[in-house]
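Rule-based calculations on the coordinates, nothing more; no lab input. Quantities reported herein were computed from a predicted structural model and do not represent experimental measurements. Every residue, glycine as well, gets a Cβ built from its backbone with ideal geometry; the counts of neighbours run over all protein chains shown.
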Amino acid sequence: MSKRAVLEVIALDVEDAVAAQAGGADRLELVTDMAADGLTPSAATVAAIRAAVDIDVRVMLRLADGFAAGDVERLTRVADEMREAGATQFVLGFLDAEGDVDLGAVERIAEVLDGCRWTFHRAIDRAANRDALRKQLADFPGLDTYLTAGAAGGVDDGLTVLLAEARRRGEP
């Protein structure tokens, strides 16, 4: 396993993507609506960015603010549209009302992603039990990264957790 850090940059459009690649980004997280912590971009944006850059692009699969999955059937259709537009990597993360991973939603989306690599988004920072969440997601195909600030309040609140996460070996 490489110890080299991956520089992932948020991109909202082609201009952002081209600038990020020129600036040395290894990977993009493609989203829209940063006020909602990032939502799913359009398929046209995905296709345009795939044509403009040659670095990895992870596309957000989230239709509304918050960490509830919402309409899972719509999410699966959107995931199919993103794949048709050239997306091969994704970002997602869903919790139920109790703060547990929404396994049903994640399972349905993972089926559509069919082995594509994906990141479990910051829902882990709002989970009732992050270790239980990790155990529940441990065998999901394609999951290779958790995006976390260590706490719902951000990095300042989650630094201790982040340091503990950095010591994990052999896990996403």
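Arg169 to Asp56: FRET efficiency via 1/(1 + (r/R0)^6), r the Cβ-Cβ distance, R0 25 Å, to the nearest 0.05?
0.65
What percent do you get for the relative contact order of the chain when only Cα pairs under 8 Å and 6+ apart count?
Contact order relative to length: 14 percent.
Give the order of Met82, Met34 when sorted by the count of other beta carbons within 10 angstrom, beginning with the fewest.
Final ranking by Cβ density, sparse to dense: Met34, Met82.
When Arg74, Arg126, Arg62 are ordered from fewest to most other Cβ atoms inside 10 Å of their Cβ, what list results?
Working: Arg74 11, Arg126 15, Arg62 26.
Ordered by Cβ neighbours within 10 Å, fewest first: Arg74, Arg126, Arg62.
Under a point-charge model restricted to the Cβ atoms of Lys and Arg (+1) and Asp and Glu (-1), what is the dipole moment magnitude of region 8-166 relative to its Cα centre, in debye to the nearest 20? Write out the running numbers ahead of the final one.
Values: 14 positive and 30 negative charges, 35 e Å.
My answer is approximately 160 debye.
I need Ile109, Ile49 ordered by Cβ neighbour count within 10 Å, fewest first.
Ile109, Ile49
About its Cα centre, what dipole magnitude does region 48-128 give when the only charges are +1 on Lys and Arg Cβ and -1 on Asp and Glu Cβ, stated in debye to the nearest 20?
On the way: 10 positive and 16 negative charges, 61 e Å.
The calculated dipole for region 48-128 is roughly 300 debye.
So for region 8-166: antiparallel DSSP bridges make up what percent, rounded to the nearest 5?
Of those bridges, close to 10 percent are antiparallel.
In deg cm²/dmol, rounded to 500, what helix-only [θ] at 222 nm does the chain give when every DSSP H run of at least 4 residues adds -39500 (n - 2.57) and the total is split over its residues?
-11000 deg cm²/dmol
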